[in-house]
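Let me begin by presenting the structure, written as structure tokens, before commenting on it.
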Amino acid sequence: MIHAILALLQFTTILPLGKIVPFEAFARNTWLYPLAGYVIGGFGGFLLIFIPAPSFVGAVLAIGLVLFMSGANHLDGLLDFGDGLMAHGSQQKRIHALTDRQIGSGALALGMMVTLLSVVSLGSVQTGVIAASVLIIAETGGKWSMAFLTVFGKPFHDGLHATLHSYSKTWFVIPATLLLVPAFLLPIPLFVKIYAGIILIIIPLCTRFLAYKLFGGVNGDVTGATGEITRCALLTICACSLATMNV
């Protein structure tokens, strides 16, 4: 299990963790995804609590740190997903736009919208501890959505996602969900957690539906994009909910 956690962090972060652990250790345990959310979100939350800065400056720094720690790997998936969404024509043309190395207008539009909305949402939460809690919930939730899509997202071609999917079991969603419990015990109002839980279920189902319709299945870019979109959606719903209480 230690090897699986190390492999997870080596895959999802740029942390210097020593000798490379065989990737298969994580591939067989993709339900561990939310643990990476605690690590990445924890660093961002620490910054929000202990770095004296205006809320929006802190939000930019925290989101920037989250993206930096992940090596912007999933952000790259979000950009590719944006190109695939905006492509016109047949399914094959959309797949080509999704998987090529070019960055088009769809990538820029979706990437900017998700990133800016994430920063503004987090920046609108004034209290350091609550903002940190919201970020941790959003980051662990984003990783949970990736675990969900790894299990239930049929691959449309061979690749990294296909490898992870081949090792996945349906029951992986249960321990992945249990790993979210500590995040949802953090000090934010109960009704905010309820809204976050609803959004957490809706987003991966929606991206899965879109991926099946547009591409005929899921790949690593779709999975990474789902994590980014879920984080953004959770930040947004938490911020809007807290705003009704002036928190």
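In region 83-105, the residues that are more than 15 Å from residue 217 (Cβ to Cβ) form Cβ pairs under 6 Å with partners that are of a type outside the set (Gly, Ala, Ser) and open to solvent by less than 60 Å² (accessible area, probe 1.4 Å), at six or more places apart or across chains, as follows: 87/94; 97/83; 103/79; 104/83. Could you tell me which residue of region 1-46 is modelled with the lowest pLDDT, considering only residues that are among the aliphatic types (A, V, I, L, M), open to solvent by 30 Å² or more (accessible area, probe 1.4 Å) and part of a helix (DSSP H, G or I)? The extreme case among them is 2. Would you confirm whether or not region 204-226 contains a residue that is of a type in the set (Phe, Trp, Tyr) and under 29 Å from residue 125 (Cβ atoms)? No, region 204-226 contains no residue that is of a type in the set (Phe, Trp, Tyr) and under 29 Å from residue 125 (Cβ atoms).
The residue list 235, 179, 185 contains one member that is within 18 Å of residue 135 (Cα to Cα) and either of a type in the set (S, T, N, Q) or out of contact with any helix residue (DSSP H, G or I) (no Cβ under 7 Å at 6 or more places or on another chain) (or both), which is 185.
A single member of 160, 205 is closer than 23 Å to residue 78 by Cα, open to solvent by 60 Å² or more (accessible area, probe 1.4 Å) and without any contact (Cβ under 8 Å) to a residue 60 or more places away in the chain, and it is 205.
For residue 117, the conditions (1) more than 13 Å from residue 230 (Cα to Cα); (2) among the hydrophobic types (A, V, I, L, M, F, W, C); (3) at pLDDT 95 or above are fulfilled apart from (1). The residue of region 210-242 that is modelled with the highest pLDDT, among those that are hydroxyl-bearing (Ser, Thr, Tyr) and over 18 Å from residue 37 (Cβ atoms), is 212. All of 215, 172 fail the test of being crowded, with 17+ Cβ neighbours inside 10 Å, farther than 24 Å from residue 76 by Cβ and touching a residue at least 12 places away in the same chain (Cβ under 8 Å), apart from 172.
The values are calculated or read from the model by the stated rules, or taken from the named source; none is laboratory data. Being a predicted model, the structure only gives us computed values, none of them experimental. Every residue, glycine among them, receives a Cβ derived from its backbone with ideal geometry; neighbour counts consider all protein chains shown. These area figures cover heavy atoms from the full protein model, side chains too; ligands, DNA and RNA do not enter into them. Shrake-Rupley method; radii C 1.70, N 1.55, O 1.52, S 1.80 Å.
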